[in-house]
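Reading through the structure tokens given below for one structure.
The values are calculated or read from the model by the stated rules, or taken from the named source; none is laboratory data. Because the structure is predicted, anything quoted here is derived from the model rather than measured. Virtual Cβ from ideal backbone geometry, glycine too; neighbours counted across all protein chains shown. For accessibility, only protein heavy atoms count, side chains too; no ligands or nucleic acids. Shrake-Rupley method; radii C 1.70, N 1.55, O 1.52, S 1.80 Å.
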Amino acid sequence: MSKQHVLIFRLPELFNILNELKNHLDFNTYSLIDEKKLNETKKNFLGNYLVVTDEKNQIKGEKFQLTLDNFPDSLETIIEKINVNLLKQKYFEQSEIVVGNYKLDFNSRSIRVGELKLKLTEREIEVIIFLNNSKKPATIETLQKEVWGHNLDLETHTVETHIYRLRKKIIDKFKDNDFIISTKVGYKIK
């Protein structure tokens, strides 16, 4: 799993301390003092960031922001607050992944369209997310390797069976025969 990004805004001392500990942290840190540069950096991380600042430099309208208001605070408390906010953000991100006309909720393991909702297994969600993120149809071998973590030499019908069952569930619940398409070169989400 890739690390999340903590953008420390106008708090260079905090950045210096966290930078000393970077090998022990579960997130990357960046020091920014210019708001324009901060906005450019945020765009590069596509929502996978947290801005950490103080009350004086708080950014109005920033939804991924931790405002430290009890300075000086212990380093342990600051890192804990950062990690809690990153977890909340990750939970929020996973609670509504748009896949075509559907909304996928990784946290509750469900997919829905309108009021219709279908429970899925974790593996089914992983397959849907992988296919949705693929720019081209995914081969069985690619799915075995990337979703199941199997060797390419492995002879199995696991992928085909899972896709068949997933398609059947989607058809039965949503009457959608075209959600996962099978092409000559692999599977894709329509």
Say we look at segment 4-33 and pick out the residues that are open to solvent by 80 Å² or more (accessible area, probe 1.4 Å) and part of a loop (DSSP other than H, G, I, E, B); which of these is nearest to L75 (Cα to Cα)? D26
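For segment 71-84, indicate whether the set of residues that are free of Cβ contacts under 8 Å to residues at least 40 places away in the same chain, under 17 Å from the mean Cα position of the chain (by Cα) and crowded, with 17+ Cβ neighbours inside 10 Å is non-empty.
No: segment 71-84 contains no residue that is free of Cβ contacts under 8 Å to residues at least 40 places away in the same chain, under 17 Å from the mean Cα position of the chain (by Cα) and crowded, with 17+ Cβ neighbours inside 10 Å.
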Which members of segment 34-64 meet the condition of being open to solvent by 30 Å² or more (accessible area, probe 1.4 Å), under 15 Å from the mean Cα position of the chain (by Cα) and on the phi > 0 side of the Ramachandran plot? L46
When the residues of segment 98-120 are filtered to those that are open to solvent by 20 Å² or more (accessible area, probe 1.4 Å) and closer than 21 Å to I181 by Cβ, which remaining residue is nearest to the chain's Cα centre (by Cα)? V98
Hey, does segment 154-168 have a residue that's within 19 Å of V98 (Cα to Cα) and touching a Phe, Trp or Tyr at 6+ places or on another chain (Cβ under 6 Å)? no
Across segment 39-58, what is the total count of residues that are out of contact with any Lys or Arg (no Cβ under 9 Å at 6 or more places or on another chain) and either assigned to a helix (DSSP H, G or I) or of a type in the set (S, T, Y) (or both)? 7
Taking T67 and the conditions (1) in contact with a helix residue (DSSP H, G or I) (Cβ under 7 Å, 6 or more places away or on another chain); (2) of a type outside the set (G, A, S); (3) open to solvent by 30 Å² or more (accessible area, probe 1.4 Å); (4) more than 21 Å from K88 (Cα to Cα), which numbered condition does it fall short on, given that it satisfies the others? (4)
Looking only at segment 121-133, and only at residues there that are loosely packed, with under 14 Cβ neighbours inside 10 Å and among the polar types (S, T, N, Q), the one that is modelled with the highest pLDDT: T121
